[in-house]
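To start, the structure under review is shown below, and the notes come after it.
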Amino acid sequence: MSEQECIFCRVAAGEIKAEIVYEDERAVAFRDINPQAPVHVLVIPREHIASLSDASPERDALFGHLLRVAAQVAAVEGISESGFRTVVNNGAGAGQSVFHLHLHVIGGRRLSWPPG
Ligand code: DGP
């Protein structure tokens with residue numbers, strides 16, 4: 001898929017409307033259109049990276065940054081103390097439906113384990 005067709009590239013570019021809760025030069029965080037919990041935010045890199053499998057040493061700093069943004073979003077959303085889950089679905093078999101890397105930040109209710 002080209003970056004022009006990627007919906008999350010278009011969210012990051014402001015071409016598709018989303019409720020953005022945080023952004024900086026490398027990352028954007030916005031509310032999931034189909035929330036699975038009272039807080040459900042997606043953290044994405046601005047750079048088009050299809051999935052976690054595209055990790056590389058050159059991307060270590062970026063991937064670490066995405067995790068820090070996820071923790072920061074959780075803090076701002078008030079779910080750090082109660083607990084939250086950060087999920088990366090990798091591949092269609094694991095439930096990935098948008099092939100632009102995204103971290104789900106989910107919380108605000110009791111979360112069971114194991115996930116489905
Ligand atoms: P995944 O299944 O892990 O690939 O998660 C993709 C998530 O993206 C899913 O929870 C719904 C969300 N989503 C899909 N399209 C849009 C959109 O256009 N806007 C927003 N805010 N979320 C979207």
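The values are calculated or read from the model by the stated rules, or taken from the named source; none is laboratory data. As the structure is a computational prediction, the values presented were derived from the model and not from experiment. Cβ coordinates were reconstructed from backbone atoms using ideal geometry, including for glycine residues, and neighbour counts include every protein chain displayed. Only protein heavy atoms, including side chains, enter the accessible area calculation; ligands, DNA and RNA are left aside. Shrake-Rupley method; radii C 1.70, N 1.55, O 1.52, S 1.80 Å.
Has the stretch 35-45 got at least one residue that is over 22 Å from G107 (Cβ atoms) and at pLDDT 95 or above?
Of the residues in the stretch 35-45, the ones over 22 Å from G107 (Cβ atoms) are none.
Within the stretch 35-45 (the criterion being over 22 Å from G107 (Cβ atoms) and at pLDDT 95 or above), the answer is no, since none of the residues qualifies.
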note = When every residue in the stretch 49-59 that is closer than 25 Å to A13 by Cβ and not hydroxyl-bearing (S, T, Y) is compared, the one farthest from the ligand (Cβ to nearest atom) is E58
message = Suppose we keep only residues that are away from the ligand (no atom under 13 Å from the Cβ), open to solvent by less than 70 Å² (accessible area, probe 1.4 Å) and within 13 Å of the chain's Cα centre (by Cα) within the stretch 20-38. Which one would you say is nearest to D60 (Cα to Cα)?
response = A27
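Is it true that V88 is in contact with a helix residue (DSSP H, G or I) (Cβ under 6 Å, 6 or more places away or on another chain) and within 11 Å of the ligand (Cβ to nearest atom)? Working first, answer last.
Numbers: in contact with a helix residue (DSSP H, G or I) (Cβ under 6 Å, 6 or more places away or on another chain): yes; within 11 Å of the ligand (Cβ to nearest atom): yes.
Yes, satisfied.
In this structure, is V43 open to solvent by less than 70 Å² (accessible area, probe 1.4 Å) and of a type outside the set (S, T, Y)? Let's see the steps before the verdict.
Details: open to solvent by less than 70 Å² (accessible area, probe 1.4 Å): yes; of a type outside the set (S, T, Y): yes.
The answer is yes for V43.
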request  = Identify, from the list L66, L101, the residue that is touching a Phe, Trp or Tyr at 6+ places or on another chain (Cβ under 9 Å), open to solvent by less than 40 Å² (accessible area, probe 1.4 Å), within 16 Å of the ligand (Cβ to nearest atom) and farther than 19 Å from P115 by Cα.
outcome  = L101
